[in-house]
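Enquirer: Before anything else, here's the structure in question.
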Amino acid sequence: MEDRLLYAKLLGIEFPWLISRVQVDMPAERIDVWVEEASGARFACAVCQQDAPVYDHTPEQAWRHLDTCQCRTYVHASLPRTNCPKDGVKQVRSPWAEPRSQFTRLFEMRMIDTLKECDVTGVTRLTGTSWDETWGVMMRAVDRGLARKDRRVPARIGIDEKS
């Protein structure tokens, strides 16, 4: 299987996205994967979800992905910005990462699963991330969980004599 097709499957990249190139550097134990949109692709506006043409692109960003064959893997892309007639120019969300994250969703999921088993310092050693990066992933996961949780007042509250 061609390396671009392999990484498209591994990363879950689907149309209108495609893998443009893969660079393997075995001495450095690093794999870099570049993702681009297909020529002439249109994206949904980030606000109203209406189909809009590509206006321009952000500077290239890199996201850390799960390791491939003991090599650190990074996904690179210049995300398109759409020009919506209603909402103006808005950046398209990447399908592989959360906004403002430097990790792919799959890497963050691995970090969260590891955080369930050990402390932040242990996760930093196991994943090769910094304490601040690991803490940031944990805080984003907590924020997502709190956003999904229903806010309600308990019907009853129990208080004993020691409370």
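Coordinate-derived values only; no laboratory data. These figures come from a predicted structure and were not determined experimentally. When we count neighbours, we look across all protein chains shown, and the Cβ atoms used for this are built from the backbone with ideal geometry, even at glycine.
Enquirer: If R0 is 22 Å, what FRET efficiency do you get for VAL24 and GLU2 from their C-beta distance, rounded to 0.05?
Expert: Efficiency for this residue pair is about 0.95.
Enquirer: Same structure, new question: With θ set to phi - 60° and the Karplus curve 6.51 cos²θ - 1.76 cosθ + 1.60, what are the ³J(HN,Hα) couplings of the stretch 42-51 in order, to the nearest whole Hz, using x for Gly and Pro?
Expert: 10, 10, 6, 4, 5, 9, 9, 6, 7, 4
Enquirer: Based only on Cα atoms, what Rg/Rh ratio does the stretch 1-95 have, Rh being taken as Kirkwood's radius?
Expert: Taking Rh as the inverse mean 1/r over Cα pairs, Rg/Rh reads 1.04.
Enquirer: Moving on to the next point. May I ask for the net charge around ALA28, where only other residues with Cβ less than 14 Å from the Cβ of ALA28 are counted and Lys, Arg are +1 while Asp, Glu are -1?
Expert: Result for the local shell: -2.
Enquirer: Give me, ordered by chain and number, the residues 5 or more places off ALA97 or on other chains with an amide H under 5 Å from its own placed amide H.
Expert: When sequence neighbours closer than 5 places are left aside, the close amide H contacts are ARG105.
Enquirer: Kirkwood-based Rg over Rh for the chain (C-alpha set), two decimals?
Expert: For the chain, the value is 1.09.
Enquirer: I want the local charge near ILE19. Using Cβ-Cβ distances under 14 Å, sum +1 for each Lys or Arg and -1 for each Asp or Glu among the other residues.
Expert: For residues surrounding ILE19, the net value is -3.
Enquirer: Relative to the compact globular guide of 2.2 N^0.38 Å, what is the alpha carbon radius of gyration of the stretch 98-149, as a ratio?
Expert: Normalised Cα radius of gyration, the stretch 98-149: 1.06.
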